[in-house]
Each structure stands twice: as C-alpha cells, then as structure tokens.
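Student: The structure that follows is given in the form of structure tokens.
The values are calculated or read from the model by the stated rules, or taken from the named source; none is laboratory data. Since the structure is predicted, the reported quantities are computational estimates derived from the model, not experimental observations. Please note: Cβ atoms are built from the backbone with ideal geometry, for glycine as well, and neighbour counts cover all protein chains shown.
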Protein chains: 2
Amino acid sequence: MSRIWNFSAGPAALPLPVLERAQRELLDWNSSGASVMEQSHRGKRFIAMTEQIEADLRELMGIPSDYAVLFLQGGATQHFAQIPMNLAGEGESADYIITGHWSEKAASEAAPYVRVNVAATSKADNYLRMPSHDTWHLDPKAAYVHIATNETIHGVEFEDVPRVGDVPLVADMSSNILSWPVDVSRYGLIYAGAQKNIGPSGLVLMIVRRDLLERQARPMAKIFRYAEHAANSSMLNTPNTWGWYLAGLTFQWLKENGGLQAMAERNRLKAALLYTAIDGSGGFYSNPVDPAVRSRMNVPFTLHDSALDSLFLQESEAAGLMALKGHKALGGMRASLYNAVPVEAVQTLVVFMHDFAARHG
Amino acid sequence: MSRIWNFSAGPAALPLPVLERAQRELLDWNSSGASVMEQSHRGKRFIAMTEQIEADLRELMGIPSDYAVLFLQGGATQHFAQIPMNLAGEGESADYIITGHWSEKAASEAAPYVRVNVAATSKADNYLRMPSHDTWHLDPKAAYVHIATNETIHGVEFEDVPRVGDVPLVADMSSNILSWPVDVSRYGLIYAGAQKNIGPSGLVLMIVRRDLLERQARPMAKIFRYAEHAANSSMLNTPNTWGWYLAGLTFQWLKENGGLQAMAERNRLKAALLYTAIDGSGGFYSNPVDPAVRSRMNVPFTLHDSALDSLFLQESEAAGLMALKGHKALGGMRASLYNAVPVEAVQTLVVFMHDFAARHG
C-alpha cells in the first residue's frame with residue numbers, strides 16, 4: 001500500500017522526509033556501523049547530536065539562555081504530577097485554568113501534590129469557548145498558573161498568552177508546540193508530549209526557566225527532580241534515544257522549511273480550508289466551537305445525521321484518509337492538522353467531505 | 001561503513017533481522033499506509049500487535065496467568081522509586097541486597113518512600129563476590145526483598161534465585177532478562193529497562209504478580225500507580241509505541257531462534273570464550289570477579305598496564321569492535337554480550353585480544 005493522509009490526534013503523522021532519512025540510516029547512523037538505537041547515550045557521537053538538537057530548537061523557538069531544555073520520559077501526563085512535585089512547596093496552591101479534557105486531567109493529577117485552585121473554567125459551556133479573562137480568579141501567591149494552550153479533544157486553543165502577572169505561567173503545549181512562534185519569555189515552563197508536533201511517543205520536551213529549578217522541592221527520589229535532569233543534560237538515566245534523534249530530524253526539517261513563521265502560515269491555511277468547508281456545508285457538517293478560539297491543530301466536527309458516521313469513516317478510509325474518528329468523549333469526527341500534515345492532505349479531505357455531503361445530503 | 005560488532009552496555013546491539021525488518025516497514029507498517037510510529041495506540045492494528053507481543057512474551061518466559069505484563073516508561077531508575085511507592089505502605093520497610101552500583105542506586109532512590117534495610121551487601125569486597133547467603137539479615141515483615149539479578153557495571157550475576165521465604169522478591173533484571181529461562185513464579189515483580197536485551201531505550205518491561213497490585217498504596221497521582229497501568233493494558237497514557245513494537249520484533253526473533261534455552265546455551269558459550277581468553281592471557285588481561293558469580297552479560301576486564309588502554313580502544317575500534325571502554329567507576333574495558341551479540345563477534349574479539357597481547361605483552 002502507498003502512504004495515506006494521516007489525521008491522527010497522536011501518535012500522529014511525521015514529516016515524510018524525516019521518516020525517509022530515519023529509514024535510510026537505520027542500520028548505520030553517522031557512519032558508526034550501528035543504528036542510532038544501538039549507541040551509548042554517553043558516546044561522543046550521540047552527545048554531539050543532542051547538542052546540535054538543542055541548538056536547533058533554541059534557534060527555532062528563540063529560547064532565551066536562562067531557560068533549560070530537557071528531553072524527558074513519561075508523557076505529559078506524568079508531568080501533570082511531576083510539575084507540582086517540583087514547583088510547589090508543601091501546603092502551597094497553584095491556579096489551574098480548565099479549558100477541556102487535558103487541562104482538567106492536569107489538575108486532577110496535580111491534586112495529590114498541590115492545593116489546586118480552579119481559577120477559571122469553561123466546563124459549564126461544555127468547553128466550547130475560553131473562560132472570559134474577567135472571570136479568572138488568580139491568586140498572586142500561587143506557585144504557578146497552569147494552562148493547556150490547545151485542547152486536543154475539545155478543539156479550543158489560546159490565541160494569546162494569558163496575562164498572569166508575576167506568577168510563573170506553566171503551559172502544556174503538547175498539541176500545538178512548534179506550530180507557530182511563541183514568546184518563550186512569557187512562560188515559566190513549557191512542556192509537550194512529543195507525539196504530535198515533535199516526534200514519536202515516549203518523549204517529553206520541557207523548556208523551563210532556570211530559577212524555577214531552584215525552588216525548594218519536597219523530599220523525593222532524584223529521578224523526579226527537574227534540577228537533576230538539567231544538571232545532567234537530560235542524561236540522569238538512559239533517555240529515549242530514538243525519540244530524541246527523531247525530534248532532532250524534525251527540528252532540522254522545520255528549519256529547512258521556513259521555521260515556525262512558515263508553519264504558522266501553513267497551519268492557518270489548513271485550518272481555514274477545513275473550517276470553511278464545515279461552515280459552508282449548509283449544516284451537513286458542524287463544529288460548535290466559538291470561532292474566535294477554534295484550534296488550528298485539532299478540528300472536531302459532527303455530521304448532521306450520526307447514522308452516517310460509520311459510512312463516512314469507511315469511505316474516507318477507502319479514499320486514503322486515515323484516523324478521522326472523533327474522540328469517544330465527543331463522538332463524531334476529528335481531523336488533526338499538525339505540522340506534518342501537508343496542505344494537500346486537507347485539500348483532499350475537504351473535496352471528499354464535499355462529495356460525501358453531495359451524495360448523502 | 002558496514003556494520004560493526006557492538007559491545008555497548010546499553011543502549012546496546014539489537015538483532016540485525018529486527019533492525020532490517022523495522023527498516024523495511026518504517027514507512028508502511030502492516031499495510032496501513034503509515035509508519036508504526038504514526039499509529040494511534042488505541043487503533044485496532046496497534047492493539048492487536050500489543051496482544052500478540054504479550055502472548056509471545058508469556059510463551060517465551062512461561063509467565064503464569066496471575067502475573068500482569070506492563071510496558072512502561074521512565075527507565076528502571078524511575079521504578080527504583082515507583083516500586084516502593086506502590087508496594088510499601090507508609091512506615092513499612094523493605095530489604096535490599098546490595099551487590100553493585102545498580103542495586104545500591106535502587107536502594108537510594110527508594111529511600112524517600114520506604115525504610116530501606118540493607119539486608120546484605122558485598123560492598124566491603126568491592127562487589128567482586130556475592131554476599132554469602134548466611135550473612136543475609138532478612139526481615140520476614142519486609143514489604144519486599146529487592147535484588148539486581150545482574151550488575152552491569154560490576155559484572156556479577158546471581159546464578160540462582162535467592163530464597164527469601166514468603167516475602168515477595170523484586171528483581172531488577174535490566175541486564176539479563178531473556179538471556180536464560182527463569183522461573184517467574186519465584187518472583188513477585190520483575191522489571192527491566194529495555195535497552196539491553198529487549199529493544200531501544202525509553203521502555204520498561206514489568207512482570208508483576210497481580211495480588212501485589214492490590215496493596216494499599218499511599219496517595220499519589222494515578223499515573224504512578226501500577227494497578228492503573230494494568231487496568232488500562234499499559235495505555236493509561238500514550239505509551240512508547242516504537243519501543244513496544246521493537247520489543248515485539250525481538251520476542252519474535254527469540255522465538256524463531258530457539259527461545260530462552262537456546263539463548264542460554266549461546267550466552268554461556270560467549271561468556272566462556274571471553275573469560276577463557278582473559279584467564280589464559282598470562283596476566284595480560286584480568287577480571288577479578290569470583291568465577292562462581294561472573295556475569296555472562298557484562299565482562300569488565302583490565303589490561304596489566306593501563307597505559308595501553310587507549311591504544312587497545314583505538315585498535316579495537318579500527319578492527320570493527322565498538323564500545324569496549326569500561327565504565328568510569330572501574331576504568332579498563334567492558335564487553336557486554338547480550339542476546340543480540342553473536343558468537344562470531346566474541347570470536348573476533350578474543351582473536352583481537354590475543355593478537356594485541358602478543359604484540360604488546
């Protein structure tokens with residue numbers, strides 16, 4: 001079979017040139033006579049690679065020098081817990097902005113380690129809009145404010161960085177990191193599971209202002225301390241070497257393709273194509289999210305008649321369009337339009353959708 | 001460059017047929033039109049794969065049905081901490097048998113979560129032998145007894161399963177799992193980082209008796225609870241899908257090559273070849289470990305004159321023998337002889353060593 005268009009929410013499509021290069025050098029990486037997976041992480045070749053990867057990422061995102069860059073494990077979910085373990089002292093509280101499934105989960109996994117203050121939530125609106133900023137009850141003494149910049153399931157995204165004063169802003173950017181430029185200096189800590197815009201699953205990228213690493217943390221094993229990971233260049237223990245390598249190939253691909261500004265333009269175009277098709281379908285398809293905060297990365301939509309869902313999935317798969325089934329929490333469909341999904345894929349999808357609606361409308 | 005012989009302690013050599021197959025299907029796995037890295041872990045194809053992998057491992061190791069099999073993240077080091085979090089109640093103690101660097105580290109990472117009782121240690125012997133069983137001070141009320149079945153740095157290995165009565169035996173098998181048959185029913189919990197005998201780094205295999213999952217654990221985030229991972233078939237959050245897939249290919253390769261009995265015979269032969277070369281070198285090479293507990297997997301050795309070390313490394317690399325440099329804690333050399341290292345690699349090494357000694361003896 002040939003390659004299909006992959007709209008998976010994650011693990012998601014990877015850039016084809018990245019996969020092709022990984023395939024070419026799978027048995028013999030960097031003229032070493034062995035796979036990159038077979039290299040000691042403490043070897044000269046591997047360390048030189050990780051240094052280049054960090055330099056590339058710093059250039060792409062404009063990461064200031066007072067931020068550490070870490071490559072960790074455990075998925076964003078583990079760091080829902082590990083962030084309060086590291087950033088909050090005993091008895092302290094943290095503000096959580098709840099805008100969908102993932103920020104809600106972040107708060108619930110944090111609860112054993114910090115007093116969670118739900119400073120704002122759009123749950124009563126079914127997460128179809130962002131909580132209006134004038135409803136946010138921020139605590140100036142909070143250890144940090146936590147947001148998810150994009151909600152993978154509910155399809156809402158922060159356009160701007162929320163103003164939170166001097167309290168460090170902690171952002172789960174799993175599903176929109178590297179999709180547009182961000183001002184890193186506005187954040188205390190940015191983290192992201194790799195399996196959407198970075199690389200394969202099993203890797204977590206963290207960008208953290210170094211002063212936050214100095215916070216007096218509770219007693220815990222070294223392996224849970226971000227300061228230890230930073231002091232050991234993310235090699236406190238054996239890292240996910242394959243994931244790290246593929247992240248590096250993805251960063252190179254981003255640099256060769258115009259960087260984050262070019263990605264931002266392409267991602268806006270892709271999202272506009274799909275939302276226009278949905279909104280212009282005369283109600284055959286619909287997306288109920290407030291247009292001002294619709295996600296450019298994850299587009300949930302429903303068919304006017306859910307009895308057509310299985311036919312839509314069957315025919316779309318036959319047309320080479322993969323992984324359009326929506327998350328079980330919302331039903332319907334979802335198309336994820338990460339960096340590695342080309343404009344051509346979205347064009348093919350909207351043509352299919354138009355045709356499907358014409359035949360079944 | 002062509003493939004070399006790789007003696008890395010980890011991330012280590014992978015079986016060549018496994019790498020070749022991964023390379024072949026990197027762009028199109030299982031006729032899906034996408035890479036295995038691009039598949040949703042909740043997709044039918046991926047779930048069918050994980051079920052086959054578990055079945056293959058159960059067959060290979062003879063895992064009884066009252067044991068759960070988990071594929072986790074974080075490296076063995078994270079589980080040094082997570083095991084007491086899950087298996088010990090507040091105020092309980094656990095017995096640790098210290099036989100080298102890794103079991104010592106296991107105890108130190110456990111200390112924030114359980115009262116560590118060093119029930120036996122061979123530290124005073126520089127870890128060159130195992131602590132004699134009659135010196136073990138086991139506590140019948142301990143939450144568990146922890147051992148490392150093989151010490152990657154110090155090159156000592158338990159030949160037999162220690163007798164610990166009714167207290168569950170917890171074993172870090174990172175560096176000798178799948179290298180010979182083991183009686184799983186003698187253990188309460190077996191765990192192993194993947195990057196030696198299983199697959200790439202970033203994956204941890206855990207085999208745990210189900211009743212231990214029911215222990216009353218302290219308050220903690222769900223993501224740290226083994227019971228949650230077991231209840232969710234290791235998909236509580238997005239797993240390391242690539243690592244899981246490669247582990248599966250390795251298990252298939254083991255089955256096609258005679259299983260663990262055949263590996264045991266091959267590994268004994270490889271170790272015998274190398275130890276014989278060392279012991280027969282007239283003192284040019286030496287390994288100081290008690291012959292009764294010498295590791296079949298990791299063979300540290302020194303040259304009689306450490307001034308020759310760098311020349312040995314340079315010439316061995318030129319001869320296509322990679323990663324022979326010893327761990328910095330011991331200096332000298334180390335050859336790791338995991339399953340994926342063929343007999344031919346060890347033959348090439350011992351011929352090189354003999355030749356080097358003849359030229360520099």
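Student: Under 6 Å between Cβ atoms, at least 6 apart or on separate chains: pull out the pairs that start in the range A:340-356 with a residue that is closer than 14 Å to A:ASN6 by Cα and end on any residue that is basic (Lys, Arg) and assigned to a helix (DSSP H, G or I).
Tutor: Within 6 Å, the pairs are A:VAL343/A:LYS270; A:VAL346/A:LYS270.
Student: Which numbered condition in (1) within 7 Å of another protein chain (Cβ to nearest Cβ); (2) closer than 19 Å to B:SER201 by Cα; (3) surrounded by 17 or more Cβ atoms within 10 Å (Cβ to Cβ) is the only one that B:ILE4 fails?
Tutor: Status for B:ILE4: all satisfied but (2).
Student: Still on this structure, please answer the following. Can you tell me which residue among B:LEU87, B:LEU60 is touching a Lys or Arg at 6+ places or on another chain (Cβ under 9 Å), crowded, with 24+ Cβ neighbours inside 10 Å and away from chain A (no Cβ under 11 Å)? Step through it out loud before you land on a result.
Tutor: Details: B:LEU60 fails: crowded, with 24+ Cβ neighbours inside 10 Å.
The conditions single out B:LEU87.
Student: Within the range A:2-12, is there a residue that is more than 30 Å from A:ALA142 (Cβ to Cβ), in a loop (DSSP other than H, G, I, E, B) and of a type in the set (Val, Ile, Thr)?
Tutor: Restricting attention to the range A:2-12, the residues satisfying the condition of being more than 30 Å from A:ALA142 (Cβ to Cβ) are A:2-9, A:11-12.
Of the ones still in play, those that are also in a loop (DSSP other than H, G, I, E, B) are A:2-4, A:7-9, A:11-12.
Applying the additional criterion that residues be of a type in the set (Val, Ile, Thr) yields A:4.
Yes: the range A:2-12 contains one or more residues that are more than 30 Å from A:ALA142 (Cβ to Cβ), in a loop (DSSP other than H, G, I, E, B) and of a type in the set (Val, Ile, Thr).
Residue-by-condition table, conditions (1) touching a helix residue (DSSP H, G or I) at 6+ places or on another chain (Cβ under 8 Å); (2) more than 26 Å from A:ARG209 (Cα to Cα); (3) not aromatic (Phe, Trp, Tyr):
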residue	(1), (2), (3)
A:ARG115	no, no, yes
A:SER122	no, yes, yes
A:ASN126	no, yes, yes
A:ARG129	yes, yes, yes
A:GLU151	yes, no, yes
A:VAL156	yes, yes, yes
A:VAL161	yes, no, yes
A:ASP172	yes, no, yes
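Student: Of everything in the range A:10-38 that's of a type in the set (A, V, I, L, M, F, W, C) and more than 7 Å from chain B (Cβ to nearest Cβ), which residue is surrounded by the most Cβ atoms within 10 Å (Cβ to Cβ)? Write out each step before concluding.
Tutor: If we filter the range A:10-38 for residues that are of a type in the set (A, V, I, L, M, F, W, C), which is where we start, we get A:12-14, A:16, A:18-19, A:22, A:26-27, A:29, A:34, A:36-37.
Keeping just the survivors that are more than 7 Å from chain B (Cβ to nearest Cβ) gives A:16, A:18, A:29, A:36.
Numbers: A:LEU16: 14, A:VAL18: 22, A:TRP29: 20, A:VAL36: 24.
Step by step, filter the range A:10-38, then rank; the result is A:VAL36.
Student: Name the single residue, out of those in the range B:171-230 being basic (Lys, Arg) and without any contact (Cβ under 8 Å) to a residue 60 or more places away in the chain, that is nearest to B:VAL156 (Cα to Cα).
Tutor: Here is the first cut: in the range B:171-230, the residues basic (Lys, Arg) are B:186, B:196, B:209-210, B:215, B:218, B:222, B:225.
Subsequent filtering for residues that are without any contact (Cβ under 8 Å) to a residue 60 or more places away in the chain retains B:186, B:222.
Values: B:ARG186: 20, B:LYS222: 36 Å.
Selected residue: B:ARG186.
Student: I'm trying to understand the selection: among the residues of the range A:145-178, which are buried (at least 24 other Cβ atoms within 10 Å of the Cβ), more than 13 Å from the chain's Cα centre (by Cα) and over 20 Å from A:LEU330 (Cβ atoms)?
Tutor: Across the range A:145-178, the qualifying residues are A:VAL145, A:HIS146, A:VAL170.
Student: Among the residues of the range A:133-141, is any in a loop (DSSP other than H, G, I, E, B), modelled with pLDDT of 95 or more and crowded, with 23+ Cβ neighbours inside 10 Å?
Tutor: Scanning the range A:133-141 turns up no residue that is in a loop (DSSP other than H, G, I, E, B), modelled with pLDDT of 95 or more and crowded, with 23+ Cβ neighbours inside 10 Å.
Student: Can you tell me which of (1) more than 24 Å from B:ILE177 (Cα to Cα); (2) crowded, with 16+ Cβ neighbours inside 10 Å is the one B:VAL341 doesn't meet?
Tutor: (1)
Student: Can you find, within the range B:13-34, the residue that is nearest to B:LEU274 (Cα to Cα) among those that are part of a helix (DSSP H, G or I) and in contact (Cβ under 8 Å) with a residue 12 or more places away in the chain?
Tutor: Out of the qualifying residues, it is B:LEU16.
Student: Still on this structure, please answer the following. Given (1) free of Cβ contacts under 8 Å to residues at least 24 places away in the same chain; (2) more than 30 Å from B:LYS255 (Cα to Cα); (3) in contact with a strand residue (DSSP E or B) (Cβ under 6 Å, 6 or more places away or on another chain), identify the lone condition not met by B:SER132.
Tutor: Going through (1) free of Cβ contacts under 8 Å to residues at least 24 places away in the same chain; (2) more than 30 Å from B:LYS255 (Cα to Cα); (3) in contact with a strand residue (DSSP E or B) (Cβ under 6 Å, 6 or more places away or on another chain) one by one, B:SER132 breaks only (3).
Quick grid of which residues meet (1) modelled with pLDDT under 95; (2) in a loop (DSSP other than H, G, I, E, B); (3) over 22 Å from B:ARG42 (Cβ atoms); (4) more than 7 Å from chain B (Cβ to nearest Cβ):
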| position | (1), (2), (3), (4) |
| --- | --- |
| A:TYR191 | no, no, yes, yes |
| A:VAL208 | no, no, yes, yes |
| A:LEU212 | no, no, yes, yes |
| A:GLN216 | yes, yes, yes, yes |
| A:PRO219 | yes, yes, yes, no |
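Student: Let me ask something else. Looking only at the range B:284-297, which residues are in a loop (DSSP other than H, G, I, E, B) and within 26 Å of the chain's Cα centre (by Cα)? Even if it seems obvious, please write down each step before you answer.
Tutor: If we filter the range B:284-297 for residues that are in a loop (DSSP other than H, G, I, E, B), which is where we start, we get B:284, B:287-290, B:295-297.
Scanning the range B:284-297 gives B:ASN287, B:PRO288, B:VAL289, B:ASP290, B:SER295, B:ARG296, B:MET297.
Student: Within the range B:26-49, can you find the residues that are of a type in the set (Val, Ile, Thr) and out of contact with any helix residue (DSSP H, G or I) (no Cβ under 6 Å at 6 or more places or on another chain)? If you could, list the steps in order and put the result at the bottom.
Tutor: Here is the first cut: in the range B:26-49, the ones of a type in the set (Val, Ile, Thr) are B:36, B:47.
Once the filter is applied, which keeps residues that are of a type in the set (Val, Ile, Thr) and out of contact with any helix residue (DSSP H, G or I) (no Cβ under 6 Å at 6 or more places or on another chain), the range B:26-49 yields only B:ILE47.
Student: Please tell me if B:GLN39 is assigned by TED's automatic domain parsing to the domain that holds B:TYR187, at pLDDT 95 or above, under 23 Å from A:THR77 (Cα atoms) and within 25 Å of the chain's Cα centre (by Cα). Walk me through how you get there before you give the answer.
Tutor: On the way: assigned by TED's automatic domain parsing to the domain that holds B:TYR187: yes; at pLDDT 95 or above: yes; under 23 Å from A:THR77 (Cα atoms): yes; within 25 Å of the chain's Cα centre (by Cα): no.
So B:GLN39 fails the test.
Student: Determine if the range A:39-49 includes at least one residue that is of a type in the set (Val, Ile, Thr) and surrounded by 19 or more Cβ atoms within 10 Å (Cβ to Cβ).
Tutor: Among the residues of the range A:39-49, not one is of a type in the set (Val, Ile, Thr) and surrounded by 19 or more Cβ atoms within 10 Å (Cβ to Cβ), which makes the answer no.
Conditions (1) in contact with a Gly (Cβ under 8 Å, 6 or more places away or on another chain); (2) not in a helix (DSSP H, G or I); (3) not hydroxyl-bearing (Ser, Thr, Tyr), marked per residue:
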residue: B:GLY282; (1), (2), (3): yes, yes, yes
residue: B:VAL299; (1), (2), (3): yes, yes, yes
residue: B:LEU308; (1), (2), (3): no, no, yes
residue: B:LEU311; (1), (2), (3): no, no, yes
residue: B:GLY331; (1), (2), (3): no, yes, yes
residue: B:GLU344; (1), (2), (3): no, no, yes
residue: B:VAL351; (1), (2), (3): no, no, yes
residue: B:ALA358; (1), (2), (3): no, no, yes
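Student: Testing B:ASP95 on (1) of a type in the set (Asp, Glu); (2) away from chain A (no Cβ under 14 Å); (3) surrounded by 20 or more Cβ atoms within 10 Å (Cβ to Cβ); (4) without any contact (Cβ under 8 Å) to a residue 24 or more places away in the chain, one condition comes back false. Which one is that?
Tutor: All conditions are met except number (4).
Student: Now for a separate question. Out of the residues in the range A:37-46 that are without any contact (Cβ under 8 Å) to a residue 40 or more places away in the chain and assigned to a helix (DSSP H, G or I), which is nearest to B:SER201 (Cα to Cα)? If you could, list the steps in order and put the result at the bottom.
Tutor: Narrowing the range A:37-46 to residues without any contact (Cβ under 8 Å) to a residue 40 or more places away in the chain: A:38, A:40, A:43-45.
Among the residues that remain, those that are also assigned to a helix (DSSP H, G or I) are: A:38, A:44-45.
Values: A:GLU38: 9, A:LYS44: 18, A:ARG45: 17 Å.
Only one residue fits best here, namely A:GLU38.
Student: Would you call A:GLU315 exposed (fewer than 14 other Cβ atoms within 10 Å of the Cβ), out of contact with any Ser or Thr (no Cβ under 8 Å at 6 or more places or on another chain), among the acidic types (Asp, Glu) and not in a loop (DSSP other than H, G, I, E, B)? Give the derivation first.
Tutor: Values: exposed (fewer than 14 other Cβ atoms within 10 Å of the Cβ): no; out of contact with any Ser or Thr (no Cβ under 8 Å at 6 or more places or on another chain): yes; among the acidic types (Asp, Glu): yes; not in a loop (DSSP other than H, G, I, E, B): yes.
The answer is no for A:GLU315.
Student: Looking at (1) away from every other protein chain (no Cβ under 14 Å); (2) outside any loop (DSSP other than H, G, I, E, B), which is the one condition that is false for B:TYR245?
Tutor: Of (1) away from every other protein chain (no Cβ under 14 Å); (2) outside any loop (DSSP other than H, G, I, E, B), only one is false for B:TYR245: (1).
So that you can scan it fast, the table gives a plain yes or no per residue for (1) of a type in the set (Gly, Ala, Ser); (2) more than 22 Å from B:LEU236 (Cβ to Cβ):
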position	(1), (2)
A:ASP56	no, yes
A:ALA68	yes, yes
A:ALA76	yes, no
A:ALA88	yes, yes
A:HIS101	no, no
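Student: Let me ask something additional. Given A:ALA124, A:ALA55, A:ALA107, A:ALA120, which one is assigned to a helix (DSSP H, G or I) and either in contact with a strand residue (DSSP E or B) (Cβ under 9 Å, 6 or more places away or on another chain) or in contact (Cβ under 8 Å) with a residue 40 or more places away in the chain (or both)?
Tutor: On the way: A:ALA124 fails: either in contact with a strand residue (DSSP E or B) (Cβ under 9 Å, 6 or more places away or on another chain) or in contact (Cβ under 8 Å) with a residue 40 or more places away in the chain (or both); A:ALA55 fails: either in contact with a strand residue (DSSP E or B) (Cβ under 9 Å, 6 or more places away or on another chain) or in contact (Cβ under 8 Å) with a residue 40 or more places away in the chain (or both); A:ALA120 fails: assigned to a helix (DSSP H, G or I).
Result of the check over A:ALA124, A:ALA55, A:ALA107, A:ALA120: A:ALA107.
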